[in-house]
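Asks: Structure provided below as structure tokens; questions to follow.
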Amino acid sequence: MQEELENISARPIASADSLAQKFMFVQGQEASDDVVRELKANPGFGNAFADYMARATWTGQQWENPSVVPYGPISLDPAGSVLHYGQEIFEGLKAYRHEDGSVWTFRPTYNAARLNMSARRLAIPELPVEDFVASIVSVVRANERWVPSEMGTSLYLRPFTFASEAFLGVRAATKYEYMVVASPASAYFGDGVKAIDVWVDRTYHRAGPGGMGNVKTGGNYAASLLPKLVSHDAGFDEVLFLDAATNTNLDELGGMNVFVVYADGHVETPALSGNILPGATRSSILQLLRARGVDARETTISLQSVIDGVKSGDVAEMFACGTAAVVAPIGRLASDDFDVRLPGGDVVQSVYEELVGIQMGRVEDRFGWCYRIC
Ligand code: COI
């Protein structure tokens, strides 16, 4: 799975100018410059939505009517199958404004390839990679003034596909909608690189063997909400899930992958067992670390070894990562029978600076990850 994502994301992509023609632009009412300026000043995450969204419709044979239309409520039949059986997939990526005013995105074909892997698992029609990138180009160009410029800010892009056929039998639908909405974003957890407190859940799992844990579908996130609510009430920011088969090894957080940094310099992240989402940020961090000569391993990580390592000092840092959050150091790890604090260190900060530096055009893009939109 990872190999397919890396291979597809390494292929050259047509220029934004040539792809922009694929989606027809439908002009609508737009927010005033003052409103956009205010929303960009302190956007938080996922609160406000830009003027335009992209959409295309599948009516049984092909994706039709690719267009960029005014953002707004959509009409969906109450029997639309996504509402009943959750046949839905999504992606998350960002558009960044560089210092010269140009706008770029990061590894869009990785997300395109992953959307298609998710599509296959949920029996949803795939979207050609070029059409995915064209939708990103079109939606960002239409909302260009919504892209903020402060370091660490971006226009968050949320592509998603859902079953829209009005039918209550349990089978793959014959009609789907693909959409991309855009939302100005600053740090997911508040300012910059902020440590989070993480609860390790031993009761619930987000995914199990043969399930959907390795694809991006709403159901996995729905499964994480109750544990997250309970842990929030106890004062924790996020939940770390263990593998469903043995309940002993680290899987991932509700919406982020996890890394462990050891005092001897090597770094580990859970191997893609089939239950873990192959994050674009996870993949990029592994490549950044390996390019620095760090021994970055994808392996099985037992919870007990992490607890012992934190207590003995063998574990120096832990962090969570994802497109929305970028990286978040873990300051505390706890469950019913343990509670350990991590001192923190330099690795997570340096990873943040290098990755966001590349995305914002301030650090050389040695990997060819940035793609110019306008
Ligand atoms: C992302 O990091 O983009 C995600 O999709 C995680 C979360 C916001 C659901």
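Asks: Which one of the conditions (1) out of contact with any helix residue (DSSP H, G or I) (no Cβ under 6 Å at 6 or more places or on another chain); (2) part of a loop (DSSP other than H, G, I, E, B) does Val215 fail to meet, given that it meets all the rest?
Replies: The single condition Val215 does not satisfy is (1).
Asks: Looking at segment 150-188, which of its residues are at pLDDT below 95 and open to solvent by 40 Å² or more (accessible area, probe 1.4 Å)?
Replies: Glu150, Met151, Tyr188
Asks: Further question: So Arg332 ticks every box in (1) within 16 Å of the ligand (Cβ to nearest atom); (2) open to solvent by 40 Å² or more (accessible area, probe 1.4 Å); (3) not in a helix (DSSP H, G or I) but one. Which box is left unticked?
Replies: (1)
Asks: Looking at segment 335-365, which of the residues that are open to solvent by less than 40 Å² (accessible area, probe 1.4 Å) and assigned to a loop (DSSP other than H, G, I, E, B) is farthest from Ala234 (Cα to Cα)?
Replies: Met360
Asks: Here's a follow-up. Being within 21 Å of the chain's Cα centre (by Cα) and within 13 Å of the ligand (Cβ to nearest atom) narrows it down to one residue among Glu238, Glu177; which is it? Can you show your working first?
Replies: On the way: Glu177 fails: within 13 Å of the ligand (Cβ to nearest atom).
Only one candidate qualifies: Glu238.
Asks: Considering segment 79-97 alone, what residues qualify as being more than 16 Å from the ligand (Cβ to nearest atom), closer than 28 Å to Gly28 by Cβ and touching a residue at least 12 places away in the same chain (Cβ under 8 Å)? Write out each step before concluding.
Replies: If we filter segment 79-97 for residues that are more than 16 Å from the ligand (Cβ to nearest atom), which is where we start, we get 79-85, 87, 97.
Then drop every residue that is not closer than 28 Å to Gly28 by Cβ, which leaves 80, 82-83, 97.
Result: Gly80, Val82, Arg97.
Asks: Looking at segment 53-100, which of the residues that are β-branched (Val, Ile, Thr) and at pLDDT 95 or above is most open to solvent (accessible area, probe 1.4 Å)?
Replies: The extreme case among them is Ile74.
Asks: Which of the residues spanning segment 238-257 are in a loop (DSSP other than H, G, I, E, B) and of a type outside the set (S, T, N, Q)? Give the steps one after another, and end with the answer.
Replies: At the first step, the residues of segment 238-257 found to be in a loop (DSSP other than H, G, I, E, B) are 243-248, 254-256.
Result: Asp243, Ala244, Ala245, Gly254, Gly255, Met256.
Asks: Quick check, is Asn220 polar (S, T, N, Q) and in a helix (DSSP H, G or I)? Even if it seems obvious, please write down each step before you answer.
Replies: On the way: polar (S, T, N, Q): yes; in a helix (DSSP H, G or I): yes.
Spelling it out, Asn220 is indeed polar (S, T, N, Q) and in a helix (DSSP H, G or I).
Asks: For segment 74-111, which positions are assigned to a loop (DSSP other than H, G, I, E, B), within 18 Å of Val133 (Cα to Cα) and of a type outside the set (Lys, Arg)? Steps first, answer last, please.
Replies: First pass over segment 74-111, keeping only residues assigned to a loop (DSSP other than H, G, I, E, B): 74-79, 81, 86-87, 91-92, 98-102, 107.
Now drop any that are not within 18 Å of Val133 (Cα to Cα), which leaves 91-92, 102, 107.
Glu91, Gly92, Ser102, listed by residue number.
Asks: Could you tell me whether Ser284 is away from the ligand (no atom under 16 Å from the Cβ) and modelled with pLDDT of 95 or more? Break it down into steps so the answer makes sense when it comes.
Replies: Values: away from the ligand (no atom under 16 Å from the Cβ): no; modelled with pLDDT of 95 or more: yes.
The answer is no for Ser284.
Asks: Determine which member of the set Ala48, Ala41 is away from the ligand (no atom under 16 Å from the Cβ) and either open to solvent by 60 Å² or more (accessible area, probe 1.4 Å) or out of contact with any Gly (no Cβ under 9 Å at 6 or more places or on another chain) (or both).
Replies: Values: Ala48 fails: away from the ligand (no atom under 16 Å from the Cβ).
Result: Ala41 is the single residue among Ala48, Ala41 that is away from the ligand (no atom under 16 Å from the Cβ) and either open to solvent by 60 Å² or more (accessible area, probe 1.4 Å) or out of contact with any Gly (no Cβ under 9 Å at 6 or more places or on another chain) (or both).
Asks: Go through segment 279-316 and give me each residue that's part of a helix (DSSP H, G or I), touching a residue at least 24 places away in the same chain (Cβ under 8 Å), of a type outside the set (A, V, I, L, M, F, W, C) and surrounded by 13 or more Cβ atoms within 10 Å (Cβ to Cβ). Please lay out each step first, then the result.
Replies: So the first thing to find is which residues in segment 279-316 are part of a helix (DSSP H, G or I), and the list is 280-291, 303-312.
Add one more test, that the residue is touching a residue at least 24 places away in the same chain (Cβ under 8 Å), and what stays is 280-285, 287-289, 291, 303-304, 306-307, 309-311.
Remaining after also requiring of a type outside the set (A, V, I, L, M, F, W, C): 281-284, 287, 304, 309, 311.
Within segment 279-316, Thr281, Arg282, Ser283, Ser284, Gln287, Gly309 meet the criteria.
Asks: State which residue pairs qualify: first residue within 14 Å of Leu303 (Cβ to Cβ) and open to solvent by 10 Å² or more (accessible area, probe 1.4 Å) and inside segment 241-258, second residue away from the ligand (no atom under 16 Å from the Cβ) and among the small types (Gly, Ala, Ser) in any location, beta carbons under 7 Å apart, and separation of 6 or more residues or different chains.
Replies: From segment 241-258, the pairs are Asp243/Ser273; Ala244/Gly208; Thr248/Ser302; Asn249/Ser302.
Asks: Looking at Arg145, Arg158, Arg120, Arg114, which is the one that is outside the structural domain of Thr323 (by TED's automatic domain parsing), more than 30 Å from Leu242 (Cβ to Cβ) and either away from the ligand (no atom under 16 Å from the Cβ) or outside any loop (DSSP other than H, G, I, E, B) (or both)? First the steps, then the outcome.
Replies: On the way: Arg158 fails: more than 30 Å from Leu242 (Cβ to Cβ); Arg120 fails: more than 30 Å from Leu242 (Cβ to Cβ); Arg114 fails: more than 30 Å from Leu242 (Cβ to Cβ).
On inspection, the qualifying residue turns out to be Arg145.
Asks: Consider segment 128-138. How many of its residues are crowded, with 23+ Cβ neighbours inside 10 Å and either outside any helix (DSSP H, G or I) or of a type in the set (S, T, N, Q) (or both)?
Replies: The total comes to 2.
The values are calculated or read from the model by the stated rules, or taken from the named source; none is laboratory data. Computed from a predicted structure; not experimentally measured. In this analysis, Cβ positions are derived from the backbone assuming ideal geometry, glycine residues included, and neighbour counts consider all displayed protein chains. Accessible surface is based on the protein model in full, side chains and every heavy atom, while ligands, DNA and RNA are left aside. Shrake-Rupley method; radii C 1.70, N 1.55, O 1.52, S 1.80 Å.
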